[in-house]
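Remarks on the structure that follows.
The values are calculated or read from the model by the stated rules, or taken from the named source; none is laboratory data. Remember, it's a predicted structure, so these values are computed and weren't measured experimentally. The area values use the complete protein model at the heavy-atom level, side chains included, leaving out ligands, DNA and RNA. Shrake-Rupley method; radii C 1.70, N 1.55, O 1.52, S 1.80 Å.
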Amino acid sequence: MVYINETRKRGANPILVTPVHRRNFDEKGKIVNTLGDYPDAIRQLAKEENIPLLDLHQRSESLFNQLGPEVTKSIFVHVHPDQYVQYPDGIEDNTHFSEIGAYEIAKLVIEEIKKTHGELVNYLR
């Protein structure tokens, strides 16, 4: 609430954003929520405080389920051994995005803004 109140006090309008899913699939190939109640708490706060919400949790779930476990590896930092000097043993990071992933998540943000907050479209480039 501190950030919301301070934002409003300065004459700005807060927007809340739910977190993006991590790359964690169940045995049926469906994304698993690893963030507990946090996304729902943000949704509830947005509703209670009448704050616009960008629901990237829901949007990323749809995207990751559509792409599946193998294709989503390109969205996250998955590097084969000796592919990059800084990762000689490779890395499988299912939290942070690759350049491709950052682009795909940015597209979700833009789509969510267009869908739910059309008045903000004028601020996009």
Which whole-angstrom value gives the distance between the alpha carbon centres of the stretch 71-125 and the stretch 1-69?
16
Past the 30 Å Cα-Cα mark, which pairs from LYS47/LYS114; LYS47/LYS73; LYS30/LYS115; LYS9/LYS30?
LYS47/LYS73; LYS9/LYS30
For the chain, with a Gaussian network of springs between Cα atoms less than 10 Å apart, report the residue from ALA12, ALA41, ALA102 with the top mean-square fluctuation.
ALA12
Springs between alpha-carbon pairs under 10 angstrom, Gaussian network model over the chain: which of GLY11, GLY68, GLY90 fluctuates most?
GLY11
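Whole number in Å², please: accessible area per residue of the chain, 1.4 Å probe, ligands, DNA and RNA not counted.
In whole numbers, the chain has 68 Å² accessible per residue.
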Candidate values (i) 13.2, 44; (ii) 17.0, 51; (iii) 19.1, 56, label of the one derived for Rg and Dmax of the Cα atoms in Å
(ii)
How much of the accessible area of the chain, probe 1.4 Å, is carbon plus sulfur, in whole percent?
51
In whole Hz, what ³J(HN,Hα) sequence does the stretch 80-96 give by Karplus (6.51, -1.76, 1.60; θ = phi - 60°), x for Gly and Pro?
6, x, 6, 6, 10, 4, 6, 10, x, 9, x, 7, 10, 9, 9, 10, 9
